[in-house]
Structures are given as C-alpha cells and as structure tokens.
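Working notes, structure below.
The values are calculated or read from the model by the stated rules, or taken from the named source; none is laboratory data. Just so it is clear, the structure is predicted and the values come from calculations on it, not from any experiment. In this analysis, Cβ positions are derived from the backbone assuming ideal geometry, glycine residues included, and neighbour counts consider all displayed protein chains. Side chains are part of the model used for accessible areas, which takes the heavy atoms of the whole protein and leaves out ligands, DNA and RNA. Shrake-Rupley method; radii C 1.70, N 1.55, O 1.52, S 1.80 Å.
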Amino acid sequence: MSNAALGLTMLCLIVVVIMMGFPTAFTLMGLGMMFGFVAFYDPAMPWLDNKIFALMVQRAFGAMNNDVLLSIPLFVLMGYIMERGALVDKMFHSVQLAFRKLPGSLAVTTLVICTFWGIASGLVGAVVVLMGVIAMRPMLNAGYDTRLAAGVITAGGTLGILIPPSVMIIVYAAVAGQSVVKLYAAAMFPGFFLAFLYLIYVIGWCIINPKIAPRLPPEQMKAPISPWVAHISSSYSRFMLPALLMALVAPGKALRAGVQGVNLKWWQILAGLTRALAPVIVAVATLGAVWWYVTIYSQKDNEAAPVNVSQMAQKSGVSAPSVSGGVQEPPGASGGVQEPPGTTGGVQEPPGASGGVQEPPGTTGGVKEPPAEGGLQAPPGSGDVKEPAAEANSTSTGKDEPLKQMGEGEATNVAKTEPVPANFYTGFLVVCLVTLALLAYYYVKFDAEQYEIMSMLIHSVAPLGILTFVVLGVILFGITTATESAAVGAAGAFLMAWQAGTLNFQKIKEAVFLTAKTTSMVCWLFVGSALFSAVFAILGGQNLVESWVLGMNLTPIQFLLLSQAIIFVLGWPLEWTEIIVIFVPIFLPLLTHFQIDPLLWGVLVFVNLQAAFLSPPVAMSAFYLKGVSPAHVTINQIFAGMMPYMLIVILCMVLMYIWPGLTLWLPNYLYGGG
C-alpha cells in the first residue's frame, strides 16, 4: 500500500474509531503513532530509534509552548464559577418580567438568557443543563409546546461557543495560526445576528400559532412593589421618574416617619433616582464611548499637521527627511549627498553650474523639486549619487525601503488609521434620535411596577453585563491580551459569586476540578491532533487532498460551498473539537490558492459548527437537555424542536457570504486591513 493510500486510510479510520466511542485525543495519538511508525520504518534501525517517537515529543512540547492555550483554563474557570454560583435564577425572573408583554415571553427570556449567559461562560453543556433546569419545567407548566421549549434551550445554549469570549475560537486560532483578537472581533456581529434570527423565528412562530405559547396568567406577570416605592408613588406621582425628582427636591413627605412603616433617608431617594435613570446612563455612556473612539481616540495619529517637503526644504535647505535607513546628511559623513564649501565631489550648487542640482529662478533657499519630478534625483554621471534606476533598486531591497518618495506638496506624516467614515455623523445623529425616542416611550409608562423591574434587572443582570463588557472590551480595544482578559473574567466571576453569597469551598473545588478536566482534554487534543496532522502530511495525504481539490478546477465560491458542506456533514457524527483539530487543517492551505479571507472562512466554520450541536445522531445539546427534562419529554421531540434552527444557521451563513461586511467590518476597522 502506498503512503498516500495509508494517509487516506488513516483519515477514514479516525472517523470510524471516534464514532465507536473511543476518546478522541488518545485515538489521534494512537493512530498517529501507529501510522507514523510505518511511515518512518527502517529495517536497518532498531525500532526504538524510529523517528515517530522524536516527533511525538516534539509535537507535545510544541503544544505546551503554545501561548494561545493559556487563556483556555481561565475562561473555562470563569464559566464554571458562575455556573456553580447559581447566578441565573434571579436573572431569569427579572428578564421574564421585562419581556412579559411579548408573545412567547418565557421562550424569549430563555433565548436572551442563553445568549448572554453563554457569552459569560462559553460552555455549551453547562448552559443547556442549567437552562433546562430553570426554564424547561416553567415553559411546560405554562402550556408551551415541547418542541418550542426544547428548541429554544438547545439552540440558545450553543451560542456560547460562537459569541466571544469562546473556547472554540481560541482552539481554532491555535490550529490555524490566526489572531485570537481579530477572530473575536470577526465573530462578534455574526454571533449576535444569529441570536437575532433565532429571536425573530420564536416570536414569529408564537404570533402565527399562539397555541404553542399561551399567555401567562396575570399573577405571574406582576412585579411586587416595595413599601417605600409605593409611598413615593402615592405621595408625589404615579410616574416614578418625576416622583423621585420631586422627592429629591422637596423630601418632606418622603422622609416623614411612620407612613406604612417606611423610614427613608435622603441618600436612599438619590440612589433610587440613579436606578431610575439607569437606561439614560447606559445610553449616554454607550453613545459617548462610540463618539470618543471613532472621532477622537482612533484619529489621534491623524491630528498632527502634515508637513510638506517644500516647507521642509525652505526651513532646512535640504529636502531629505530624517528617516532611518534613507539618504542622510550628517556633518562630516564621507558618503552620500554633501555640500561642504570648496569641495569638488558630490552635488554642489554654485551659481550657473550645469551639472548639479540648481535652484530654479525666483527661489530663495533650499532644494525644491521641479513640478514634474517625483523625488530628489542626481544628475547622470555624478560620482557620489547613484543613477535613478539603480537607486530605485537599492531602496526597494535594502535599508532604504521605508523611505517615502518625496514630491511637491506630499505630506510626510501620513495617516496611520482610517479617517472618520463620511456617513458616521449622519448615522450617529439618527441613532441618537432613535435612542431618545425609545427612552421617551419607556419613561412615559415608567410607573412603580416598571421601577421594581428595573431594580431587579440592575441587581441581577448588571454585574454580568459589566463583567462581559470589560472582558470583551479590553480584548477588542487592545488594552490586554486574551489571557490577561481571561484572568480578569475569572477574578470577576469569583467576586460576583462571593457578592451573591452562593459560593462555598465545595463549589469552588468542583469548579477547579472541572476546569482542570476540560483544560486537560483540550491540551491532549492539541498534542494528538499535532501528531496526527504531521503523520498525515508525511504520508502525503495533505498533498493528495490538495491535488484532488485543485484538479476539480473549482471557483472560489464552489470551494467555499464544498468545504462548508463537508464540515456541515461531519458535524452530524462528530463534535466541534474533532472537526477543528482534524479536518480544518486540511482546508487551511487551500484558502490562499482560492483567495478566500481566512477570517471570513473561519467565522463561517464557527457558525457552521453550531449545527454540530443541533444535528442528530450526536447532537450533544439534545442529550444534555434530555438528562434534566421531565420523563414524558422524548428525544425525538427534542430533535424535532432543534431542526428549524439548523435551517436558520444555514440562512445566516448565506447572509454572511452575501454581506461579508457583517464579519469583516469590525476587525478591519479596529485593526486595519481589507
């Protein structure tokens, strides 16, 4: 059997063995060792001297030296701490009250919680199990269709591996050699867009067929009102915002003791007003941050006034910029362009000389370029300065490559970042007006019950929102690396759980143990996949696949469709870990040939792999949910509920290809390119 045939046999065998239930990491290492031993076998050498053993050590050491993997245990620890800290219960109740007027409010709440909880934890299994415990029974008890309830939990729970910070993105970055930060930025909008498509589907289905999601009884749609809130509302106004403002200005009635057992302080009224203004504070902070980043922070490199070459010449008399590696004129230098008095070599400017660079009539000083010339040129035949063609070749290959051409009026201080987009100010104004209208509509109906719901959201959702924003913000804006951001997230998760009073030593021990278990699995996967990929390439399997694909004479769109279709089909029997570490490296070398952006292709893979958790027979989300669902919920009902979301995943991929800016705009704007 030829080496290429051995490589293909190796590739097919790995799928069969994994489907039989063997551990993926050790299967990869075992097959890599076995086929590698055959590839390196030499009868003249002792079997212990086979090169496969050295390759095994080398690949294991390379995996341990991969800095990208350092962030995985910290992100996983953050997720397990928040999951063990049981921080979702209060959040579910408050978000459900906030969306109580929407069709299918429990399903909408479940999807929203799954999305943001998945962002914070990045763990599919933990999110599906947790939301299955919290939301499955309430939805079934409210008369919701089993398919709707199961589909929302399983589909929403998988978003955690797509929306940053995601362990899957880190693993892909390590395999593909891509930037984690750019991949995070590229996956941001598609992740939220997919969640938005899920939300449209759920609300649309509930509107078309209201029987699948009956409205909740009135007693489950009311928020309890605190005595002091009722006191403020009855004393001043039924609308809480003007009531709190009046109580702050004229606190006599509010501070009066003995009213319904209420004993208020002035600072408590101020704190209540601050909570009431939370939507305004968030809107102003968000819009202000966008304005500051786009118009000030990102443009700070462009604010320096550009200096023209002709102005430099008039001031200094010499039109050579001070660029390292370019044409320099230090005093006393023996080479280059010099103008000492009385010398005969170099470029001189005596009156009436015809062989040097002369001042045009009417100029008062300095060396100026003629209008038609592109840079400083020496007369042909001069001994100290190269010919123009030779100089061009020298500067393109030597030290002078950074030197810019000097032309009439050309700015030497060029912009390092993109200018403010032309339509930014118009768009920003429209967003401000829409935000103002939404705030006005919200506060028109802002009564005591709405205030209580807002207070519940602040206490339950705000800590998680702030932590998520900090973890993502410091990565995307380049303040910290992904590893440092993961450390911040893990510390923040500990603080959140400690503040909630739900964390003890036993739960911490469980979280650390699960973190070590998950991290070990990922690291062994990298060792096994590195060895497997190396042996597969040595046997010629990679070249055979590339020759086969290139021999098909595919267009870029055809290759894109073929690669994504293969990954989609592989998602039925395999998990995302096996697909990324085994099959994705096969496609990566072909992206350059077909001129496909690796960021776009990678995010398409991330979205595509959502189907790996939703596609039977190895739809892990279904089995996670089945384990915590009531006995009458069958696995077939869960599968039926997941199927529409697979079609939504495909629709999202189509829209991403039609509109690549959905994926590439943010990384190109933040980090340049494109």
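Of everything listed in (1) under 28 Å from Leu467 (Cα atoms); (2) touching a Pro at 6+ places or on another chain (Cβ under 6 Å); (3) not small (Gly, Ala, Ser), the single unmet condition for Ile163 is (2).
Scan region 594-607 and tell me whether some residue there is β-branched (Val, Ile, Thr) and out of contact with any helix residue (DSSP H, G or I) (no Cβ under 9 Å at 6 or more places or on another chain). Within region 594-607 (the criterion being β-branched (Val, Ile, Thr) and out of contact with any helix residue (DSSP H, G or I) (no Cβ under 9 Å at 6 or more places or on another chain)), the answer is no, since none of the residues qualifies. Can you name the residue in region 18-47 that is buried (at least 17 other Cβ atoms within 10 Å of the Cβ) and β-branched (Val, Ile, Thr) and is also farthest from Pro616 (Cα to Cα) among such residues? If we take residues in region 18-47 being buried (at least 17 other Cβ atoms within 10 Å of the Cβ) and β-branched (Val, Ile, Thr), then Thr27 is farthest from Pro616 (Cα to Cα).
Would you point out which residue out of Gly157, Gly132, Gly143, Gly125 is touching a residue at least 12 places away in the same chain (Cβ under 8 Å), closer than 16 Å to Leu194 by Cα and among the small types (Gly, Ala, Ser)? Among Gly157, Gly132, Gly143, Gly125, only Gly157 is touching a residue at least 12 places away in the same chain (Cβ under 8 Å), closer than 16 Å to Leu194 by Cα and among the small types (Gly, Ala, Ser). Contact map, region 15-34: first residue in contact (Cβ under 8 Å) with a residue 12 or more places away in the chain, second residue of a type in the set (Ser, Thr, Tyr) and assigned to a helix (DSSP H, G or I), Cβ cut-off under 8 Å, separation 6 or more or different chains; pairs are Val17/Thr27; Ile18/Thr24; Ile18/Thr27; Thr24/Thr577; Leu28/Ser529. Checking the stated criteria, Ala63 turns out to be in contact with a Cys (Cβ under 7 Å, 6 or more places away or on another chain) and not aromatic (Phe, Trp, Tyr). Put simply, of Gly62, Gly143, Gly85 the only residue that is closer than 29 Å to Pro224 by Cβ and open to solvent by 10 Å² or more (accessible area, probe 1.4 Å) is Gly143.
Which one of the conditions (1) assigned to a helix (DSSP H, G or I); (2) at positive phi does Gln450 fail to meet, given that it meets all the rest? Here Gln450 meets the rest and fails (2).
Helices (runs of 4 or more DSSP H) fully within region 479-552 that include at least 1 residues being within 14 Å of Ile72 (Cβ to Cβ): 482-500, 505-538. In region 427-451, the residues that are of a type in the set (S, T, N, Q) reach residues that are open to solvent by less than 70 Å² (accessible area, probe 1.4 Å) and assigned to a helix (DSSP H, G or I) with C-beta atoms within less than 6 angstrom, at least six apart or across chains, in these pairs: Thr435/Ala283.
Condition check ((1) open to solvent by less than 10 Å² (accessible area, probe 1.4 Å); (2) not polar (S, T, N, Q)) across all residues:
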position	(1), (2)
Thr109	yes, no
Ile113	yes, yes
Ile119	yes, yes
Arg147	no, yes
Ile153	yes, yes
Ala187	yes, yes
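I'd like the residue in region 623-642 that is open to solvent by 60 Å² or more (accessible area, probe 1.4 Å) and touching a residue at least 12 places away in the same chain (Cβ under 8 Å) and, out of all such residues, is nearest to the chain's Cα centre (by Cα). Per the stated criteria, the residue is Tyr624. Where residues in region 235-255 are open to solvent by 50 Å² or more (accessible area, probe 1.4 Å) and farther than 15 Å from Glu452 by Cβ, which of them is modelled with the lowest pLDDT? Taking the candidates together, the pick is Leu255.
Taking the criterion of being open to solvent by 10 Å² or more (accessible area, probe 1.4 Å) and β-branched (Val, Ile, Thr), the residues of region 567-622 that qualify are Val569, Thr577, Ile586, Thr592, Ile596, Val618.
All of (1) closer than 30 Å to Asp67 by Cβ; (2) open to solvent by 10 Å² or more (accessible area, probe 1.4 Å) hold for Pro214 with one exception: (1).
The single condition among (1) touching a strand residue (DSSP E or B) at 6+ places or on another chain (Cβ under 9 Å); (2) surrounded by 14 or more Cβ atoms within 10 Å (Cβ to Cβ) that Ala173 does not meet is (1).
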